[in-house]
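Okay, so here's the structure we're looking at.
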Amino acid sequence: MSKVVKYTQLVQQRKQFKFSDGLLNPVQIENGIYDQAHLGPWAVWQGNLDAKILLLGQDWGDVTYFLKYKGCDRDENLTNKNLVELFRVIGIDIGSPSQPNPIAPTFFTNAILGIKKEGGLAGKVSQSWARESTEAFLKPLLEIIDPEIIITLGTLAYNEIAFIYSLPRKPLKKLVGENPIFLKDNKRLYARYHCGGLGLANRNFALQRQDWKMITF
């Protein structure tokens, strides 16, 4: 079975999935008119099934954001603007959400695939929300794409990869200095701070650029 067929089946499973209280499936929002043929909205920007790098963020946002921008991401979003620069640091042009580079060797997804009912981009999230998406979608996605490198943004995303690979939980500050982490299936993990507002409050962008310079592929 090809990657495309496997991925299409996984997307259909996501469309039928009942997320925990506090989350909505994109297909439930306005009768699914803005839901696309991807596992999550972020993959619309970078969804290469032959990706060498899988980027795992935390969550995409809430229903208000989803509706305002019709299920698409914004070029002006701080996280997105910084990701363009950080990937440029390692020599990859990912384009922008409005003008993606389709040949970039990258796939973007989030630890939480449900859309928050409220709270905005920085609304509180639960590790249990992430765990249900990990079990149902992240594990099979990793098998489909089989990337060489996994980059996690923030503690919650790292904890889900740690769960899959039986890694210890550690502070991000310590993890950044230990990278790369070699995983049992020959993948390499780079745990990084989130490059959105809250992540930048803990590690400024200049330091994050230095962290990303350590990523090689």
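Here the condition is being in contact with a strand residue (DSSP E or B) (Cβ under 6 Å, 6 or more places away or on another chain), surrounded by 18 or more Cβ atoms within 10 Å (Cβ to Cβ), at positive phi and not polar (S, T, N, Q); of GLY154, GLY114, it holds for GLY154 alone.
Residue-by-condition table, conditions (1) of a type in the set (S, T, N, Q); (2) surrounded by 21 or more Cβ atoms within 10 Å (Cβ to Cβ):
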residue	(1), (2)
LYS6	no, no
LEU24	no, no
ILE33	no, no
LEU39	no, yes
GLN46	yes, yes
ASP50	no, no
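Pairing residues of segment 16-36 that are touching a residue at least 24 places away in the same chain (Cβ under 8 Å) and under 18 Å from ALA136 (Cβ atoms) with residues that are part of a loop (DSSP other than H, G, I, E, B) and polar (S, T, N, Q), at Cβ distances under 9 Å and at least 6 apart in sequence or on separate chains, gives PHE17/ASN25; PHE19/ASN25; SER20/SER126; GLY22/SER126; ASN25/GLN16; PRO26/GLN36; ASP35/ASN25.
Of all residues being aliphatic (A, V, I, L, M) and surrounded by fewer than 21 Cβ atoms within 10 Å (Cβ to Cβ) in segment 157-170, which is nearest to GLN58 (Cα to Cα)? Just the residue, please. Filtering first and then ranking leaves ALA162. Checking each residue in segment 171-182 for being surrounded by 15 or more Cβ atoms within 10 Å (Cβ to Cβ) and either touching a helix residue (DSSP H, G or I) at 6+ places or on another chain (Cβ under 7 Å) or of a type in the set (Lys, Arg) (or both) picks out LEU172, LEU175, VAL176. Close Cβ contacts (under 7 Å, 6 or more residues apart or on different chains) running from residues in segment 151-177 that are farther than 13 Å from GLY199 by Cα to residues that are among the polar types (S, T, N, Q) and modelled with pLDDT under 95 comprise ASN159/GLN127.
May I ask you to say which residue of LYS117, LYS81, LYS124 is basic (Lys, Arg) and in contact (Cβ under 8 Å) with a residue 40 or more places away in the chain? Show your work before the answer.
Working: LYS81 fails: in contact (Cβ under 8 Å) with a residue 40 or more places away in the chain; LYS124 fails: in contact (Cβ under 8 Å) with a residue 40 or more places away in the chain.
Checking each option against the conditions leaves just LYS117.
When segment 45-62 is limited to residues that are modelled with pLDDT of 95 or more and either β-branched (Val, Ile, Thr) or in a loop (DSSP other than H, G, I, E, B) (or both), the one that is nearest to ARG192 (Cα to Cα) turns out to be ILE53.
When the criteria are applied in full, ASP75 meets the requirement of being acidic (Asp, Glu), within 16 Å of TRP42 (Cβ to Cβ) and surrounded by fewer than 21 Cβ atoms within 10 Å (Cβ to Cβ). When LEU10 is tested against (1) surrounded by fewer than 19 Cβ atoms within 10 Å (Cβ to Cβ); (2) assigned to a loop (DSSP other than H, G, I, E, B); (3) within 17 Å of the chain's Cα centre (by Cα), just one condition goes unmet, and that condition is (2).
The values are calculated or read from the model by the stated rules, or taken from the named source; none is laboratory data. Please read all numbers here as calculations on a predicted model, not as lab measurements. When we count neighbours, we look across all protein chains shown, and the Cβ atoms used for this are built from the backbone with ideal geometry, even at glycine.
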